[in-house]
């Protein structure tokens with residue numbers, strides 16, 4: 001009986017650790033190559049690409065406690081938080097709150113991380129704009145903040 005109690009306790013502890021270190025749930029990637037470079041300037045928005053460029057659309061579901069892990073993206077990523085939960089976005093050494101129905105972008109080769117510190121799920125809708133064939137995500141270590 002005592003072994004059974006310890007086994008149940010150990011299983012519960014491992015479950016809590018796994019939940020605390022959980023990754024968000026990714027949806028499928030929908031990838032396509034642009035048929036021509038972007039050279040657009042309209043209504044105050046500018047966008048220009050050089051060479052062959054891919055677009056990838058993907059959704060992620062974040063549950064309370066999920067953390068994306070430190071990473072960066074080639075190119076640019078546009079992110080929209082559908083909510084109802086609120087995210088915490090760490091862009092290098094800067095921390096931003098991402099409320100429901102808000103958006104942000106990621107760019108550059110510096111570490112970023114998104115967390116669900118709320119008590120509710122949220123879904124992010126991502127649009128990657130990256131060089132053709134580039135991976136959409138590169139894992140890295142945390143930034144060196146002072």
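Every number in this text was worked out from the coordinates using simple rules, so none of it is lab data. These numbers were taken from a predicted model, which means no experiment stands behind them. Methodologically, a virtual Cβ is constructed for each residue, glycine included, from the backbone with ideal geometry; neighbour enumeration extends over all protein chains shown.
Entry note: region 24-139 has Rg to Rh equal to 0.98, where both radii use alpha-carbon atoms and Rh is the Kirkwood radius. Between helix 2-20 and the chain there is an angle of about 20 degrees, using the helix long axis and the longest principal axis of the Cα atoms.
Using just its DSSP H runs of length 4 or more, each adding -39500 (n - 2.57), the chain gives a mean residue ellipticity at 222 nm of -4500 deg cm²/dmol after division by all residues. In this simple spin-label approximation, residue 61 and residue 25 carry label points 7 Å from Cα along the Cα→Cβ vector, and these lie 0.3 nm apart.
Computed on region 78-146, with alpha-carbon pairs under 8 angstrom and 6+ residues apart, the relative contact order is 39 percent. In plain terms, the chain from residue 146 to residue 70 could stretch by 25.6 nm, reckoned as 0.36 nm per residue minus the Cα-Cα distance.
Spacing of the modelled spin labels on residue 119 and residue 34, each 7 Å from Cα toward Cβ, amounts to 4.4 nm.
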